[in-house]
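The values are calculated or read from the model by the stated rules, or taken from the named source; none is laboratory data. No experiment lies behind these values; they were computed from the predicted model shown. Glycine also receives a Cβ, built like all others from the backbone with ideal geometry; neighbour counts cover every protein chain displayed. Surface areas here come from the heavy atoms of the whole protein model, side chains and all, with no ligands, DNA or RNA. Shrake-Rupley method; radii C 1.70, N 1.55, O 1.52, S 1.80 Å.
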Amino acid sequence: MVHTRFLLTPSTAQPYPLYIDSIGHHEDQEKLNRKDGLPHYHWLQTFSGEGEYEMGNRKVLLSKGSGVLMLPGEPHAYYAVTETWCTQYVTFGGNSVHTILSTLDMLESAVFRWDEEGPLNLALTTILNKLQTQADYSGYDASADLYHFLIQIKKHAQINNRTSITNQMLHLQPLTDWLEDHYPNPDTGIEQMAAVLAITPRHLNTLCQHAFGLSPYAYLIMMRLRKSKELLLTDRHRAIKEIAVRVGFRDTSHFIASFRKQIGLTPERFRALN
């Protein structure tokens, strides 16, 4: 049985916002039953073979291209269901771990699945290789790599069978392409946007919230403001009222208020400072 494990817990004198407590690669994962959970956040993924994960009355098969995030103190068990089950894991914490996971909408124990050929599959292997080959690999390096790993989970994995952000973006691509031509039309609204994808406005709202963190209308306003910034800088003699109309605002005061709220400056001030 080969079990490669590294302990990286930082001292209290050198606290990190995010740190790796332990990370490892287990060639032949044994059965574990933790009735009190672990004191840290725990990520476990399958490298090869298959295992089963239990939490409460829930049982989930973990094959290649899948992993599970477990919160501190949550009872759980896992074990092989094939002759050998090779796993990789990382336990982690930090002063800002709760905030970071909350921002990534990952503040719950959940199962994640991803494309086996995608970048997520070898992300922990990359960190392990650095620990084995780079003598100057520091706690700061590990903290940065852990943050990048969590971002990769958010970007490429689907949580509890929800479509990943990458796939959601692909689903929304026809709409974002369509908006490039139709954002100047002040009559463009959620009904027309939903019709482009042949889905309901409610479904479109869900997709946009998951992919962009914005409603479809808020995304449209963001696009109009982005286009307005380009015009303010490339067509400096054009009046603010004309620019507002060209990017789809019926009312100049609405344009100015939206611009100030998002950019922190009036359009005139933005143009003057750039």
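At a glance:
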{"read-out": "Of residues in the stretch 164-190 being of a type in the set (A, V, I, L, M, F, W, C) and modelled with pLDDT under 90, the one farthest from residue 243 (Cα to Cα)", "value": "165"}
{"read-out": "Neighbours by Cβ (under 8 Å, 6+ apart or cross-chain): first from the stretch 212-238, without any contact (Cβ under 8 Å) to a residue 60 or more places away in the chain; second charged (D, E, K, R) and not in a helix (DSSP H, G or I)", "value": "231/238"}
{"read-out": "Selection count, the stretch 117-144, where residues are free of Cβ contacts under 8 Å to residues at least 60 places away in the same chain and open to solvent by less than 50 Å² (accessible area, probe 1.4 Å)", "value": "6"}
{"read-out": "Residue list for the stretch 171-213, filter: touching a helix residue (DSSP H, G or I) at 6+ places or on another chain (Cβ under 7 Å), under 27 Å from residue 252 (Cα atoms) and not in a helix (DSSP H, G or I)", "value": "183, 184, 188"}
{"read-out": "Sole exception among (1) without any contact (Cβ under 8 Å) to a residue 24 or more places away in the chain; (2) of a type outside the set (D, E, K, R); (3) touching a helix residue (DSSP H, G or I) at 6+ places or on another chain (Cβ under 8 Å) for residue 24, by number", "value": "(1)"}
{"read-out": "Residue within the stretch 82-97 that is open to solvent by less than 70 Å² (accessible area, probe 1.4 Å), of a type in the set (A, V, I, L, M) and under 25 Å from residue 132 (Cα atoms) present", "value": "yes"}
{"read-out": "Enumeration of residues in the stretch 188-204 that are more than 13 Å from residue 171 (Cα to Cα) and open to solvent by 50 Å² or more (accessible area, probe 1.4 Å)", "value": "190, 191, 192, 195, 200, 202"}
{"read-out": "Selection from the stretch 47-87 of residues that are farther than 11 Å from residue 111 by Cβ and among the β-branched types (Val, Ile, Thr)", "value": "81, 82, 84, 87"}
{"read-out": "Residue in the stretch 229-241 that is surrounded by 14 or more Cβ atoms within 10 Å (Cβ to Cβ) and in contact with a Pro (Cβ under 8 Å, 6 or more places away or on another chain) present", "value": "yes"}
{"read-out": "Flag if residue 42 is buried (at least 21 other Cβ atoms within 10 Å of the Cβ), over 24 Å from residue 128 (Cα atoms) and either under 26 Å from the mean Cα position of the chain (by Cα) or modelled with pLDDT of 95 or more (or both)", "value": "no"}
{"read-out": "Filtered residue count, the stretch 145-164, keeping only those that are in a helix (DSSP H, G or I) and surrounded by 14 or more Cβ atoms within 10 Å (Cβ to Cβ)", "value": "10"}
{"read-out": "Subset of the stretch 215-274 (residues that are of a type in the set (Phe, Trp, Tyr) and within 15 Å of residue 184 (Cβ to Cβ))", "value": "249, 255"}
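For every residue, the table says whether it meets (1) surrounded by 14 or more Cβ atoms within 10 Å (Cβ to Cβ); (2) of a type in the set (Ser, Thr, Tyr); (3) at pLDDT 95 or above.
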residue	(1), (2), (3)
217	yes, yes, no
224	yes, no, yes
243	yes, no, yes
247	yes, no, yes
251	no, no, no
260	yes, no, no
263	yes, no, no
